[in-house]
Every structure is written in C-alpha cells, then in structure tokens.
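Asks: Sharing a structure here in structure tokens format.
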C-alpha cells in the first residue's frame, strides 16, 4: 500500500512539474512573439513618411536594407512552433512569417518595389493583430 501511494505521489509531482514547465515555456514564447511584433511595428511607424497623395503612409526605399536586417533578426521567433498558443496566434505568426519572406525576396529586385511596400503594410497590420491576440488572456476566444 505504501509503495503504491509513493508511486502515485511521484507521478503526480512529475505531472505537476511538466505542467508548470509548459506554462512557463508558453509564457516565454508569448513574450518573445510580443517583443518581435512590437519591434517590427515600431520600426515601421518610426520610418513612415506621410504623402498627402497616398492613402496610407509609405516607408522610403532607402530604409529597406535596415528593415531587412531587422526582419532577418526577428524571423526565427515566428518560425517556432506556436500551435499550443492557439489558432489565432498560430495564424498570426504564419502571416508575419510569409510577409517577411515575401518582403525579403522582393528587396533589391528591380520592379518589386510595389511588392515590398505592400508587404511592409501587411507586416504592420499583422504585427498589430498579433499583439492584439497576444494581449488576450490564454484560453479566451
């Protein structure tokens, strides 16, 4: 009887330890995603110039190389598995990762300035959406 009770206690402690470790890991991953999305959104906001003729602000092409370096540094954060953070956050990370890849493919290629501009706009929207999703408490729709 004592051996069985000891075995149950060990299994319960192991399960509790695994659960706490997973909770902390998810929290760290959420924080890393929030930092990366904030860095992208802040860079875009600081680099935008408003042209009255344009319906939305534009980032000058001279700044694309700097943005490319930022995206190269932040992309691995969005490449990590985010499935356990929920479908909305997973979708947001995939959207950002695809926009990063499209922007980086378009930079430096002649005639792809429109694609690069559109991807910057999409990154701004995706980063804001991901931050909104991360701001919700886990487990809430």
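Since every read-out is calculated from the coordinates, none of them should be taken as a lab result. None of these values were measured; they are calculated from a predicted model. All Cβ positions, glycine included, derive from the backbone under ideal geometry; neighbour counts span all protein chains shown.
Asks: To make sure I understand, if each residue's beta carbon is the centre and we count other beta carbons within 10 Å, what order do 124, 49 fall in, fewest to most?
Replies: Fewest-to-most ranking of 124, 49: 49, 124.
Asks: Which semi-axis lengths, in whole Å and largest first, follow from the square roots of five times the eigenvalues of the Cα gyration tensor of region 65-121?
Replies: 24, 12, 7
Asks: In nanometres, what is the gap between the two model label sites at residue 5 and residue 25, each 7 Å from Cα along Cα-to-Cβ?
Replies: So the two model labels end up 3.3 nm from each other.
Asks: Going highest first, how would you order 105-114, 89-98 by mean Cβ packing within 10 Å?
Replies: 89-98, 105-114
Asks: Considering the convex hull of the alpha carbon atoms of region 30-135, report its projected area averaged over all viewing directions, in nm², one decimal.
Replies: Directional mean of the projected Cα hull area for region 30-135 stands at 6.5 nm².
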